[in-house]
Amino acid sequence: MTHSNRAARWGAAVLAGGLALSLGACSAGGGGGSDESAGLTVMIGSSGDAETTAVTDAVNAWGADNDTAVDVVAASDLTQQLGQGFSGGNPPDLFYMSWDQFQTYASNRYLEPYAQDAGNADAFYPALRDAFSYDDQFYCEPKDFSTLGLIINTDLWAAAGLTDADVPTDWASLESAAQKLTANGVTGLSFGPEYARIGTFMNQAGGSLLSEDGTTVTADTSENVAGLTEVKTLLADGVLKFPADLDSGWSGEAFGKGAAAMVIEGPWINGALAADYPDVKYTVAELPAGPGGTSTFTFSNCWGIPAGSTTAEQAESLVSALTSDEQQLAFSDAFGVIPSTESGAAEYATKYPENAAFVSGNDYAVSPVAFAGAATVITDFNSALEGLATGDPEAILADLQTNLQDALDTANAK
């Protein structure tokens, strides 16, 4: 397919999934990918120099072994640059595809569903396979993952007279610990007023935003109301404050400054604390269970390949190298990510026992709702959650039910 035909098929810029993606508004497909004679282009959204260097070195090693030139592009704005590549009919041959954009790309058939038949397809955590599946087909191999855990300041913990036996395992013990830690200008608990944090309480209460088959929105159930009510109770008791109320941009900052003794965050907090608050001592526990059991969220990127790409075979070979346990553990050493394979993550947990709780969480983790069109609705939900302290959980969820069902109906009508 010629470049001009590809560009015509990808079409004009549209708003998809609440994100400004320059994706085609007309027919799907596109035979994308760079000119095979020019080698491969790999586009990543890097967390910094350590990640860029590690990925570049790994890609170049594969390129040397396979006599293929590979250009790694560290995008300054991955969403925008990836969208521009697709709309221009020349997407990169391989790229980071985030969990929150995957459904939009897959539903419009912009991705090659190569992972289903990959030799290591069964090596990945089921939750990650689910995150990157569409219409029951596993599309792209996850490159790593993060889950949420309970981060505890061990000095403040000891000063409050708490011991290892007091580490929260359920909502009651979370409330108790937060109350004891709230003193002398310190708030017991903090996390962002957003679905990506508060949604874990809804799940722990036994709720979810979608039915098991993904066809119906279930936002206004009694279980979800119980989850929001628990968070509202913590706010009312003064043992939970959102980061902005602690003069912080995010809960990691509140934790680093000593304004919050516990926060709900992912393994990315390790690097942030090491860089900005190296003297803070902390431990990581799994999130406490609610009346419906244990739950946390998992976040990931997969290695995406454009649908119909002429370089798909080479790209799949590169993905196989990048997702091997050996290479993923090398990435762990370089920039702290957790391997996406169960065997690789087990070795990681042994090597980095301080992060074992993040790994254990993926055994029961679920992905946040991210179907095409959901992002705009979730943004509005997040705005409502900012006022949860004085808001009505039932009313907030009733609005979410209506708006999210409308978005799902639109997505399913494609």
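No value in this document is a laboratory result; all are computed from the given coordinates. Bear in mind that the values here come from a model prediction, so they are computed numbers and not experimental data. Cβ placement follows ideal geometry from the backbone for every residue including glycine, while neighbour counts extend to all protein chains displayed.
Summary table below
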item: Estimated FRET transfer efficiency (SER173, ASP136; beta-carbon r; R0 41 Å; 0.05); result: 0.55
item: Distant-in-sequence amide H partners of LEU111 (H built 1.01 Å from N, under 5 Å); result: ALA307
item: Computed magnitude of the charge dipole of segment 61-128 (debye, nearest 20; Cβ of K, R +1, Cβ of D, E -1); result: 260
item: Separation of the ALA165 and SER222 label points, Cα + 7 Å toward Cβ, nm; result: 3.6
item: Separation in nanometres of the label points that stand 7 Å from Cα toward Cβ, at LEU210 and ASN120; result: 2.6
item: Global form of segment 156-308, assessed from the alpha-carbon gyration tensor, a/c cut-off 1.5; result: oblate
item: Rough spin-label spacing in nm, given labels placed 7 Å along Cα→Cβ, for GLU394 and ALA274; result: 4.9
item: Residues with amide H under 5 Å from that of THR221, placed H, sequence gap 5 or more; result: none
item: Percent of beta bridges antiparallel (DSSP, the chain, rounded to nearest 5); result: 65
item: Around LYS257: net Lys/Arg minus Asp/Glu count, Cβ-Cβ under 12 Å; result: -4
item: Protection proxy ranking, peptides 295-308, 225-238, average beta carbon neighbours within 10 Å, highest first; result: 295-308, 225-238
item: Rg/Rg_ref, segment 273-414, where Rg_ref = 2.2 N^0.38 Å and atoms are Cα; result: 1.38
item: Gain upon complete extension [THR410, VAL366; 0.36 nm per residue less C-alpha separation]; result: 13.5 nm
item: Rg/Rg_globular for the chain, with Rg_globular taken as 2.2 N^0.38 Å and Rg from C-alpha atoms; result: 1.01
item: Kirkwood hydrodynamic radius of segment 160-219, from inverse mean 1/r over distinct Cα pairs, in Å; result: 13.8
item: Over the chain, relative contact order from alpha-carbon pairs under 8 Å, at least 6 apart, %; result: 24
item: Angle between the chain longest axis and helix 393-412 axis [Cα atoms, degrees, rounded to 10]; result: 10
item: The chain, helix-only ellipticity at 222 nm - DSSP H runs n ≥ 4, -39,500 (n - 2.57), divided by all residues, nearest 500; result: -12500 deg cm²/dmol
item: Nearest-ten-degree value, helix 342-351 long axis tilted from longest Cα axis of the chain; result: 50
item: Within-13-Å neighbourhood charge of PRO113 [Cβ basis; K, R +1; D, E -1]; result: -4
item: Mean separation of Cα contacts under 8 Å, 6 or more apart, over the residue count of segment 236-380: relative contact order %; result: 22
item: Sorted by Cβ neighbour density within 10 Å, fewest at the top, the residues MET43, MET262; result: MET43, MET262
item: Burial ranking of peptide ranges 324-330, 194-200 (average Cβ count within 10 Å, highest at the top); result: 194-200, 324-330
item: Cα long-axis angle, helix 374-385 against the chain (0 to 90 degrees, to the nearest 10); result: 20
item: Candidate lysines for bridging to LYS232, where Cα separation is under 16 Å - those fewer than 8 sequence places away on the same chain excluded; result: LYS241
item: Shape category assigned to segment 132-173 from the gyration tensor of Cα positions, a/c cut at 1.5; result: prolate
